[in-house]
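Reading through the structure tokens given below for one structure.
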Amino acid sequence: MTALRHFALTGLLLLFPDTGNSADKPPRYTIRRVATPVKIDGRLDEAAWKAVPSVGAFRFPWFKQGKPEQTDARLLWDKQNLYVAFRCADAHIWGVHTRHDDPVYRDDCVEVFTSPNPDHPESYFNIEMNVRGAFLDRHHPEGPDKKPPFNWNAKGVQIGITVQGTLNNDKDRDRSWILEAAIPLANFSKVAKHTPPRDGDTWHMNLNRLGGQTNPQHSQWSPGKTKTPRFHAPQYFGRVIFSQRTATAKESSPR
């Protein structure tokens, strides 16, 4: 069985995408540890990716028209890196930006937003990555409504991409694309309580998807409640818990 089939979205998610716009409590996800570094190639063929569950169906809090396309996202970690994988169902894959800090959010794009210290949830980081492997990064130490006092650049980020379809040809119908990334935990060390995290440490986090020229998406793991699309809203981030338990046994659902 291929890695893509192992990591495929379930038929129910594809047929009945969740377009709800509220949640009683922020979603939670336990991040399992890996014993050896993950190869960042966009293939997701390591046993660890197959052993851990998706974070759950992405939500579409601002859905009005078009076709919601689901995203399967998973997380892992080791002492050096936070690993994230997104598999995006996408009939029209689009991406033109290739340089660091380009407006990658105009392309098919996925994002990791995190507040690594729950005592200061307003201090958050965003790393936005497009289907071409270009990324934009910012640190907002005083929250989303104040301009960052300095230009923060994440160091050592690795991104791998695979595409099932034809990039930038909206005349045909594509299938999906995968983005796999390793983000060094040292990038968050000035804010996080512990680097690397300790067993049971909780960070606030959201995983987002947006962009594309045809049928643009705005979806999230932890849905926002603003009237218009706004991902810079740390009050709506979900919770991730770092576990020392290794990713060897299959879990059936996030917890």
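The values are calculated or read from the model by the stated rules, or taken from the named source; none is laboratory data. If you're wondering where the values come from, they're calculated on a predicted model, not measured in any experiment. We place every Cβ from the backbone using ideal geometry, glycine too, and count neighbours over all the protein chains shown. The accessibility values were calculated without ligands, DNA or RNA, using every heavy atom of the protein model including side chains. Shrake-Rupley method; radii C 1.70, N 1.55, O 1.52, S 1.80 Å.
Please turn the phi angles of the range 80-93 into ³J(HN,Hα) values with the Karplus equation 6.51 cos²θ - 1.76 cosθ + 1.60 (θ = phi - 60°), one per residue in order, whole Hz, x for glycine and proline.
9, 9, 9, 10, 9, 10, 10, 10, 10, 5, 7, 7, 9, 8
Residues of the chain: accessible area per residue at 1.4 Å, in Å²?
47
Give the share of C-alpha pairs in each 10 angstrom bin for the range 32-100, from 0 to the last occupied bin, in whole percents, shortest bins first.
16, 40, 31, 13, 1
Over 24 Å between Cα atoms: which of 67/155; 64/225; 25/50 fall into that group?
67/155; 25/50
So which aspartates and glutamates can residue 79 reach, going by Cα to Cα under 15 Å and dropping same-chain residues fewer than 8 places off?
199, 201
What percent do you get for the relative contact order of the range 52-136 when only Cα pairs under 8 Å and 6+ apart count?
22
Can you list residues whose amide H is under 5 Å from residue 82's amide H, if they're 5+ apart or on another chain and H is modeled 1.01 Å from N?
183, 185
What value in Å³ per residue do you get for the convex hull of the alpha-carbon atoms in the range 136-241?
Normalising the Cα hull of the range 136-241 by residue number yields 150 Å³.
Can you run phi through the Karplus equation (6.51, -1.76, 1.60; θ = phi - 60°) for the range 152-163 and list ³J(HN,Hα) in whole Hz, with x for Gly and Pro?
These are the phi-based 3J(HN,Hα) values: 8, 10, 5, 10, x, 5, 10, 9, x, 10, 10, 10 Hz.
Check residue 174: other-chain or 5+ apart residues with amide H under 5 Å from its amide H, H built from backbone geometry?
92, 93
Under a 10 Å cutoff between Cα atoms, tell me which one of 93, 31, 127 has the largest fluctuation in the Gaussian network model of the chain.
Comparing 93, 31, 127 in a Gaussian network model of the chain, the most mobile one is 127.
Of all GluC sites (Glu not before Pro) in the range 99-174, which ones are in loop regions per DSSP and have a Cβ with at most 14 other Cβ atoms within 10 Å?
Taking the range 99-174 and a limit of 14 other Cβ atoms within 10 Å, the loop GluC sites (Glu not before Pro) found are 142.
For the chain, what does the relative contact order come out to in percent, with C-alpha contacts under 8 Å and a separation of six or more?
It rounds to 29 percent for the chain.
What Kirkwood Rh does the range 161-214 have if only Cα atoms enter the pairwise 1/r average? Answer in Å.
Final number for the Kirkwood radius of the range 161-214 is 14.8 Å.
Connecting C-alpha atoms closer than 10 Å in a GNM of the chain, tell me which of 213, 65, 158 has the biggest fluctuation.
65
Taking every pair of distinct Cα atoms and averaging 1/r, then inverting, what Kirkwood hydrodynamic radius in Å comes out for the range 70-214?
15.8
Loop-only check: which trypsin sites (Lys or Arg not before Pro) in the range 193-237 are DSSP coil with at most 11 other Cβ within 10 angstrom?
Hits after loop and neighbour filter: 198, 227.
Which ³J(HN,Hα) values, rounded to whole Hz and listed in residue order, are derived for the range 200-216 from phi using the Karplus coefficients 6.51, -1.76 and 1.60 in 6.51 cos²θ - 1.76 cosθ + 1.60 with θ = phi - 60°, glycine and proline given as x?
After applying 6.51 cos²θ - 1.76 cosθ + 1.60, I find x, 4, 10, 10, 8, 7, 9, 10, 10, 9, 7, x, x, 7, 9, 6, x Hz.
How high is the FRET efficiency from residue 241 to residue 171, r the C-beta distance, R0 41 Å, rounded to 0.05?
Efficiency, from the Cβ-Cβ distance: 0.40.
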